[in-house]
1. Which of the residues belonging to the stretch 49-89 are closer than 25 Å to residue 185 by Cβ and aliphatic (A, V, I, L, M)?
2. Any chance you could count how many residues in the stretch 65-104 are part of a loop (DSSP other than H, G, I, E, B) and either among the charged types (D, E, K, R) or more than 16 Å from residue 117 (Cα to Cα) (or both)?
3. Being over 18 Å from residue 7 (Cα atoms), surrounded by 15 or more Cβ atoms within 10 Å (Cβ to Cβ) and of a type in the set (Gly, Ala, Ser) narrows it down to one residue among 96, 75, 91, 86; which is it?
4. Does residue 50 qualify as being outside any loop (DSSP other than H, G, I, E, B), polar (S, T, N, Q) and under 15 Å from residue 8 (Cα atoms)?
5. Out of curiosity, is residue 96 at positive phi and in contact with a helix residue (DSSP H, G or I) (Cβ under 8 Å, 6 or more places away or on another chain)?
6. Quick check on my filter: what residues within the stretch 41-64 are within 16 Å of residue 117 (Cβ to Cβ) and either open to solvent by 60 Å² or more (accessible area, probe 1.4 Å) or touching a helix residue (DSSP H, G or I) at 6+ places or on another chain (Cβ under 6 Å) (or both)?
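The values are calculated or read from the model by the stated rules, or taken from the named source; none is laboratory data. This is a predicted model, so every value here is computed, not measured. Quick reminder, even Gly has a Cβ in these numbers, built from the backbone with ideal geometry, and neighbours come from all protein chains shown. Please note that ligands, DNA and RNA were not included when accessible areas were found on the heavy atoms of the full protein model with its side chains. Shrake-Rupley method; radii C 1.70, N 1.55, O 1.52, S 1.80 Å.
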Amino acid sequence: MQGICKTLNFEDAEIKFVGGDSVGTFEGYASVFGVTDSDGDVIRPGAFKSALHGRRPMRDVAMFFNHRKFDVPIGRWTELTEDSKGLYAKGELTPGHAQADMIRAAMKHGTVGGMSVGFTFTSEGFTKSATGREFINVAALREISLCTFPANEQAQITSMKALDSIESIRDCESWLRDVALLSKSDAQAFMARVKSATLRDSGGRDELTALVECIRKSPL
């Protein structure tokens with residue numbers, strides 16, 4: 001299983017506020033079909049169909065800013081559907097949420113520039129093309145973020161690396177950044193706290209083994 005984030009700029013996303021920007025309700029496209037991004041990848045019509053089946057946008061698909069999934073969500077998605085253009089999204093920014101208020105102001109000013117879908121896929125979910133991959137089936141739609149950087153060349157791909165591939169402390173930190181989407185500083189802070197705890201509780205095991213076991217038990 002692999003994870004990927006694909007970012008779409010506001011011009012392509014056609015984002016607009018509904019009922020006035022002071023309300024915080026907006027709509028647009030989180031993904032557009034048939035567009036080749038800077039990685040050479042394309043998302044085909046119907047790719048999100050199975051991922052959306054039976055999903056409840058308000059509860060099952062989170063709304064974050066820049067994929068900061070350990071922060072309080074900035075709002076909720078009220079509607080997610082596929083149409084001929086792409087993945088249509090309608091959402092509400094949380095009233096009284098300080099960051100949501102700042103993001104609403106930034107959206108109005110044009111300094112927050114896009115939406116990005118975070119999803120997982122399997123080897124059967126895409127075919128290879130001359131330029132990259134053509135996604136035909138998304139396994140799970142995890143979250144849709146409002147993002148600072150608008151262009152597809154800012155898309156961030158994260159491979160869901162197997163924990164068994166971790167061979168060093170640096171690998172542990174990279175896993176936290178690539179898979180859990182922690183910032184560098186947050187990953188380092190997490191590592192420092194876990195190292196301190198595992199050194200006390202390792203019971204003679206080497207530090208790396210204790211760290212990997214701790215990550216396995218974590219909710220990441």
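1. 62, 63, 72, 74 - these are the residues of the stretch 49-89 that are closer than 25 Å to residue 185 by Cβ and aliphatic (A, V, I, L, M).
2. Within the stretch 65-104, the subset part of a loop (DSSP other than H, G, I, E, B) is 66-74, 83-85, 94-97.
Filter once more, keeping what is either among the charged types (D, E, K, R) or more than 16 Å from residue 117 (Cα to Cα) (or both): 68-72, 83-85, 94-97.
Of the residues in that region, 12 qualify.
3. Residue meeting the stated conditions: 75.
4. Values: outside any loop (DSSP other than H, G, I, E, B): yes; polar (S, T, N, Q): yes; under 15 Å from residue 8 (Cα atoms): no.
The answer is no for residue 50.
5. On the way: at positive phi: yes; in contact with a helix residue (DSSP H, G or I) (Cβ under 8 Å, 6 or more places away or on another chain): no.
So residue 96 fails the test.
6. Taking the stretch 41-64 first, the residues within 16 Å of residue 117 (Cβ to Cβ) are 41-52, 55, 57, 60-64.
Across the stretch 41-64, the qualifying residues are 44, 45, 49, 50, 55.
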